[in-house]
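**Q** Once you've had a glance at the structure underneath, I'll fire off some questions.
Every read-out reported here was derived from the displayed coordinates using simple, explicitly stated rules and does not represent laboratory data. Not measured: the values here are computed from a predicted model. Every residue, glycine among them, receives a Cβ derived from its backbone with ideal geometry; neighbour counts consider all protein chains shown.
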Amino acid sequence: MEIGAITSGIDVALVVLYAFWIFFAGLIFYLRREDRREGYPLINDITGKPLDHGFIWVPEPKTFRLPHGGIETAPRAEHDTREIKAKPVAAFPGAPLQPTGDPMLDAVGPAAYALRSDKPELTLEGEPRMAPLRVATDFWIEPQDPDPRGMTVVAADGAVAGVVKDVWVDRAEPRISFLEVEVSGTTPRRALLPMTFARVDGGRRQVKVASVLARHFATVPALQNPDQITAREEDRISAYFASGHLYATPSRAEPLL
């Protein structure tokens with residue numbers, strides 16, 4: 001018998017190889033279970049009934065202790081009970097959904113958003129992460145950069161949607177996250193414009209928005225608190241402007257050819 005051999009047909013290298021294979025198979029099984037903590041149970045598009053999970057089942061709920069108090073579990077016991085304001089264009093699994101109401105507000109397609117916590121995200125110091133400069137007084141805009149405040153907001157149709165009145169900053173990652181726009185019209189209101197959908201033209205003193213028309217600023221989802229924004233409100237507002245790229249005009253939803 002050779003040195004290192006356990007029997008005449010198995011040696012240490014072969015045992016290590018088999019152990020690695022068993023470990024790797026177990027790792028894949030574990031990861032496939034863990035990635036089912038969000039988005040399950042899956043629902044059949046046609047029948048509306050939960051799908052069979054197969055041999056890789058959904059794991060037991062895990063509890064996470066949040067840094068500023070409270071706990072979250074995953075998978076969550078509660079389910080999203082929002083009405084789906086859309087219907088399939090055909091009777092086969094995976095068929096595209098056609099919105100049945102206002103596509104920019106019905107939370108389907110590019111307007112979809114997750115039901116994240118309806119509370120503001122916090123910094124390590126416990127302050128709301130997003131805040132307007134009127135609240136976050138320890139932040140400022142560098143003098144060499146264009147200050148959006150006072151600039152006119154011009155929408156995709158070339159019409160004036162309003163005037164920027166304040167700037168919202170991200171305290172955790174110092175940057176501008178939203179522009180607070182005083183919307184033009186008979187009913188005074190303010191709407192948040194995500195900075196990712198705005199292009200600042202310092203020379204013309206304009207903020208240009210390509211995703212929506214001027215009239216759409218009147219129906220931007222409002223905030224519960226004018227000086228705070230919750231995680232759910234962030235997603236909802238961003239989804240509203242994102243959906244404009246497809247739903248702002250009827251022609252955008254049509255094929256190019």
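**Q** Which aspartates and glutamates, on any chain, are close to LYS85 with Cα under 13 Å apart, when same-chain ones fewer than 8 places away are left out?
**A** The qualifying aspartates and glutamates are ASP102, ASP106.
**Q** Now a separate question. Nearest 500 deg cm²/dmol is fine: what mean residue ellipticity at 222 nm does the chain get from its DSSP H runs of n ≥ 4 alone, each adding -39,500 (n - 2.57), divided by its residue count?
**A** Result for the chain, helices only: -5500 deg cm²/dmol.
**Q** Would you mind ranking ASP201, ASP147 so that the residue whose beta carbon has the fewest other beta carbons within 10 Å leads the list?
**A** Ordered from fewest to most neighbouring Cβ atoms within 10 Å, ASP201, ASP147 come out as ASP201, ASP147.
**Q** Convex hull volume of the Cα atoms in the range 207-251, per residue, in Å³?
**A** 85
**Q** Could you name the lysines whose alpha carbon sits less than 29 Å from that of LYS62, not counting residues in the same chain fewer than 8 places away?
**A** Partners found: LYS49, LYS119.
**Q** Please order GLU60, GLU121 by the number of other Cβ within 10 Å, starting at the fewest.
**A** GLU60, GLU121
**Q** While we're here: Once you have the Kirkwood Rh of the range 109-253 from its Cα pairs, apply Stokes-Einstein at 4 °C and 1.567 mPa s and quote D in µm²/s.
**A** In µm²/s, the coefficient is 83.
**Q** Please rank VAL160, VAL153, fewest neighbouring Cβ atoms within 10 Å first, as an exposure proxy.
**A** Going from least to most buried by this count: VAL160, VAL153.
**Q** At THR196 and HIS245, where each label point lies 7 Å from the Cα along Cα→Cβ, what is the point-to-point distance in nanometres?
**A** Computed distance between label sites THR196 and HIS245 equals 0.9 nm.
**Q** Okay, next question. Between the alpha-carbon centers of the range 159-177 and the range 104-145, tell me the distance in whole angstrom.
**A** Here the two parts' Cα centres lie 10 Å apart.
**Q** While we're looking at this one, here's another question. Given a Förster distance of 45 Å, report the FRET efficiency between TRP21 and LEU97 from their Cβ-Cβ distance, rounded to the nearest 0.05.
**A** E(calc), rounded to 0.05, equals 0.60.
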